[in-house]
1. Which one of Leu8, Pro56, Val102 has its Cα pushed farthest toward the positive end of the charge dipole of the chain, where Lys and Arg give +1 and Asp and Glu give -1 at the Cβ?
2. Express in whole angstrom the spacing between the alpha-carbon centres of region 1-78 and region 97-160.
3. Take each of the peptides 74-85, 21-32, average the number of other beta-carbon atoms within 10 Å over its residues, and list them starting from the highest.
4. Quick one: Debye curve from the C-alpha atoms of region 2-157, no solvent, what's log10 I(q)/I(0) at q = 0.16 Å⁻¹?
5. Starting from the amide H of Ile99, placed 1.01 Å from N in the peptide plane, find each other amide H under 5 Å away whose residue is 5 or more places distant or on another chain.
6. Ranked by Cβ crowding within 10 angstrom, fewest neighbours first, how are Met122, Met1 ordered?
7. Sort by residue number and report every cysteine in the chain with no other cysteine beta carbon within a distance under 4.7 Å.
8. What ranking do Phe121, Phe57 get, fewest neighbouring Cβ atoms within 10 angstrom at the top?
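Just so you know, all these numbers are worked out from the coordinates, no wet-lab data involved. The structure displayed is predicted, hence computed values, not measured ones. Neighbour counts are summed over all protein chains in view; Cβ atoms, including those assigned to glycine, are modelled from backbone coordinates with ideal geometry.
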Amino acid sequence: MIRILLPLAIVACIFFGPMYGYESANPVSGQDQLTRITGDVFLKESVNCLRDARPPFGEDCASEEKIGGSTLPANAIAWSAMLALAAGALGVLGLLPFIGRVTSVVTILAGLGGMGAMGLFMLTMLGTSEGLPAVQWGAYLAAGVSLLTVIAGLSGLRGR
């Protein structure tokens, strides 16, 4: 059951959690305020493709959000979220005894993909003008849940 919930938790952390923030001028008060960007801006094209019953591959489903002048981190986050979604869906089939080990491997891959995407995102944020302090708690939470997903997948390989 945990191999179903943890990959879905990765997707929830990415989608709803604030990934980064930056200072911007408020036009009403004239003071600077923190603007937080949630992960849904990275996933909106992929979600639109899934809503249209199309696989989230190709140019029309790629993220257009640029971080540090590149769309690679946003696309990596979108791909890791789709892999985690597939791992959660496959985890339901993993409740059958003979498929359980296969779902453990996919769960491990989903966790590694989430950790890799968050690592690439944070390394890219190092090169921006906002820097690493702009990274918000949603990115750290997604990386932590990804680590827990890897641990749960490894535990499933042992037969637990």
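1. Checked the options; the winner is Val102.
2. 16 Å
3. On the way: 74-85: 24.0, 21-32: 9.8.
For the peptides 74-85, 21-32, the packing ranking is 74-85, 21-32.
4. Treating every Cα as an identical point scatterer, log10 I(q)/I(0) equals -0.85.
5. none
6. Details: Met122 17, Met1 10.
With the sparsest Cβ surroundings first, the list reads Met1, Met122.
7. Cys13
8. Arranged by neighbour count, lowest to highest, Phe121, Phe57 become Phe57, Phe121.
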